[in-house]
Structures are given as C-alpha cells and as structure tokens.
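Laboratory data are not the source of any read-out in this text; all were calculated from the coordinates shown. As the structure is a computational prediction, the values presented were derived from the model and not from experiment. Cβ coordinates were reconstructed from backbone atoms using ideal geometry, including for glycine residues, and neighbour counts include every protein chain displayed.
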Amino acid sequence: MSTLPAPTHTSRPEASAGEAITRYPSLRGRAVFVTGGGSGIGAAIVTAFARQGARVGFVDVAREASEALARQLQDAGLPRPWWQPCDVRDIAALQGCIAQAAQELGDFSVLVNNVASDDRHTLESVTPEYYDERIAINERPAFFAIQSVVPGMRRLGAGSVINLGSTGWQGKGSGYPCYAIAKSSVNGLTRGLARTLGQDRIRINTVSPGWVMTERQVKLWLDAEGEKDLARNQCLPDKMRPDDIAHMVLFLASDDAAMCTAQEFKVDAGWV
Ligand SMILES: NC(=O)c1ccc[n+]([C@@H]2O[C@H](COP(=O)([O-])OP(=O)(O)OC[C@H]3O[C@@H](n4cnc5c(N)ncnc54)[C@H](O)[C@@H]3O)[C@@H](O)[C@H]2O)c1
C-alpha cells in the first residue's frame, strides 16, 4: 500500500519569498538578464531564477531596492546577482549594461523584458514629449535588449525571450492610454520576431499579467473600489502575487517549454 500523503487542493500554497514550487534542472547555471529587476514582479523573477541556480543579471533605476534585493539573495546563500543602475530610456546605456553583464555571466540564455511604468494620465494631458517618454520606457527597451542578446543566444544554439505584456488594455482598463498602447505592442514584438529567431531555436513569448499585488500596486491603487473590481472580474478568489508571474516565466525559460514560441500566456486569474 502507498504511504503517500493525501493531496490537498483546497487552498493555494503560501508565498515564500519567491521560492518556486517546481525545480527546472535545465535552468541551473544558465545566464539570465532581467530589465527592471529591482522591485515588484521583476524582483520576484530575479529571485525565482536565483533559486533555480541560474546566474542572474538585472538593471533598474531604483538603487536602494536593487541593492537590498542583491544583499537579500546573497544573505540567503544564493549567488549575488549582477546589477547596475540604468535608466532604460537610454538605449546605449542599456546595451552597455547587457554587454558588461555578459562579460561576467556569459552569453545570456534567457532575457526577460520586464521593465515598465504604468503612471496614470488623461487623453487631454498628453504632450508629444510625454507620449515619446512613455514609449521610451514601456516599448523601446525590449526591442533593443533583444538586439543585444541574440548574437549570444545564436552562439549558444538556443535561447528564450520573455516579454511582459498586460491584460489591462485587453480588459479595456482606463487611465493609462499611452501605457496601454505600448503594452498592446508587446504581442506584436513577440509575433513579429518569432519566425526570424526560431530559425536559431530562440523562442520568444509574451507573459501577460492580470492585476498583481506588488507593493506599488497596493500602495497606489488597491482601495475599496479595487477590491470590488477584483471580486467582480477574477474567476479565482485569491489575489495575484508577483510569484505567480515568476512561475510562468520560469517555465517558458526552461527546456520544458522547448516547443512554445510566438504565444501569449495570460496569468490573470481569469480576468480577461
Ligand atoms: N503589477 C501589475 O499588476 C501588472 C499588470 C499587468 C502587467 N504588468 C507588467 O509586469 C511588468 C512588471 O510590473 P510591476 O508591477 O512589477 O512594475 P513596477 O512599476 O512596480 O516595476 C518595474 C520596475 O522597473 C523599474 N523602472 C521603472 N522605470 C525604469 C526606467 N526608466 N529604467 C529602469 N528601470 C525602471 C522600477 O524601478 C521597478 O523596479 C511590467 O512590464 C508591467 O507592465 C504588471
């Protein structure tokens, strides 16, 4: 007779500082680059890869949060991630950081285009300068980060690019039209490069989060009305955590997802 414990499916596992539920042997030792990895979902992604034994590099403008994350991982006995302060609006600086990180960590097998800013704005308030600035954060860096890592992925013979999209614009979310425009372009980036990159076994996919309870989201937007929105729109009752996105990213980065490319994977508790 089997002595396996009875399965429990009644509640979801506790979040545990980015600890992934699943182990991916194929991620051990791989070099991974994450944009905007210092806080929020990016920090959960950095932590999740570090726990898989990957060599992680990231950039962020938030110096304090980034340094705290690097120290926290080191204190937990994990390799300290490579990180540099970098404003991704400066493409030369972004590409310089990727080159520098690759010198230290090796050619990147995985790129996670995570950086974004969902600052609110109205139709009337947007100037051409503000529009360009939103695109410079929310759209442009992903393309140029891909341009930087692809030669290394070709040398490795494979790679995985994961672009963070959003279900916000798909659910007709309002208050951030320029962010919505930029985020809707992520699917175009993924679909538009999949065939070219696929020839070299470089996979490219979009992961589109629903409403994830990062510190920033809770502080800025989660009020009584937000709670009602969650209850009305999600099919599942639990609040989304950064780890929920990191777990999908890990899968797509791993060899277990070897035949997944050109797709969008929504992690939104059924909102859209
Ligand atoms: N949190 C959500 O509910 C949600 C929903 C849908 C999509 N997303 C997407 O998931 C990704 C991560 O979201 P998040 O909520 O963690 O975002 P966030 O705004 O909390 O954090 C993004 C990170 O990017 C950094 N950053 C911002 N501007 C930068 C710049 N100019 N240069 C370098 N770094 C910069 C920030 O310091 C931060 O560490 C984004 O692509 C976002 O669009 C998030």
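So what's the net charge close to THR35: Lys and Arg +1, Asp and Glu -1, counting the other residues with Cβ under 14 Å from its Cβ?
Counting the neighbours of THR35, the net charge comes to -2.
DSSP loop GluC sites (Glu not before Pro) in the stretch 93-154 with at most 14 other Cβ atoms within 10 Å of their Cβ, which ones? Please list the in-between numbers first.
Details: sites: GLU104, GLU124, GLU129, GLU133, GLU139; in loops: GLU124, GLU139.
Counting only loop positions with at most 14 other Cβ atoms within 10 Å, the GluC sites (Glu not before Pro) in the stretch 93-154 are GLU124.
Extent of the chain along its three principal axes (Cα atoms, max minus min coordinate, largest first): 58, 54, 38 Å.
Counting only the Cα atoms, the stretch 172-242 fills a convex hull of 129 Å³ per residue.
Taking 2.2 N^0.38 Å as the expected size of a compact globular protein, what ratio does the Cα radius of gyration of the stretch 42-96 give against it, to two decimals?
Values: Rg = 11.4 Å, N = 55, 2.2 N^0.38 = 10.1 Å.
Dividing the Cα Rg of the stretch 42-96 by 2.2 N^0.38 Å gives 1.13.
Ordered from longest to shortest, the equivalent ellipsoid semi-axes for the stretch 25-138 are 28, 15, 12 Å, each the square root of 5 times a Cα gyration tensor eigenvalue. Converting phi to 3J(HN,Hα) with the Karplus coefficients 6.51, -1.76 and 1.60 and the offset θ = phi - 60°, the stretch 123-136 yields 3, 5, 7, 6, 9, x, 5, 5, 4, 4, 5, 5, 5, 5 Hz in sequence order, with x at every glycine or proline.
Could you tell me the relative contact order of the chain? Use alpha-carbon pairs under 8 Å, at least six residues apart, and round to a whole percent.
On the way: 476 pairs, mean separation 53.6, N = 272.
It comes to 20 percent, rounded to a whole number.
Could you compute the net charge surrounding PRO141? Neighbours are other residues with a C-beta less than 14 Å from the C-beta of PRO141; K and R count +1, D and E count -1. With Lys, Arg at +1 and Asp, Glu at -1, the neighbours total -2. Amide H contacts of ARG55 (H built 1.01 Å from N, in plane; Pro and chain starts excluded): GLY29, ARG30, ALA31, VAL32 sit under 5 Å, all sequence-distant by 5 or more or on other chains.
Principal axis extents of the C-alpha atoms in the stretch 91-154 (largest first, rounded to whole Å): 46, 18, 18.
Give me the distance between the Cα centres of the stretch 125-178 and the stretch 219-241, rounded to whole Å. Value for the Cα centre distance between the two parts: 25 Å.
Close amide-amide hydrogen proximity is noted between VAL267 and SER208, GLY210, each under 5 Å apart and 5 or more residues distant or on a separate chain (H modeled in the peptide plane; Pro and chain starts excluded).
Return the loop-located trypsin sites (Lys or Arg not before Pro) in the stretch 136-174 (DSSP other than H, G, I, E, B) with at most 10 other Cβ atoms within 10 Å of their own Cβ; answer none if there are none. Spell out each step's value before the answer.
Numbers: sites: ARG154, ARG155, LYS172; in loops: LYS172.
Listed in order of number, the matching sites are LYS172.
Other residues whose C-beta falls under 12 angstrom from the C-beta of TRP221 contribute a net charge of -4, scoring Lys and Arg +1 and Asp and Glu -1.
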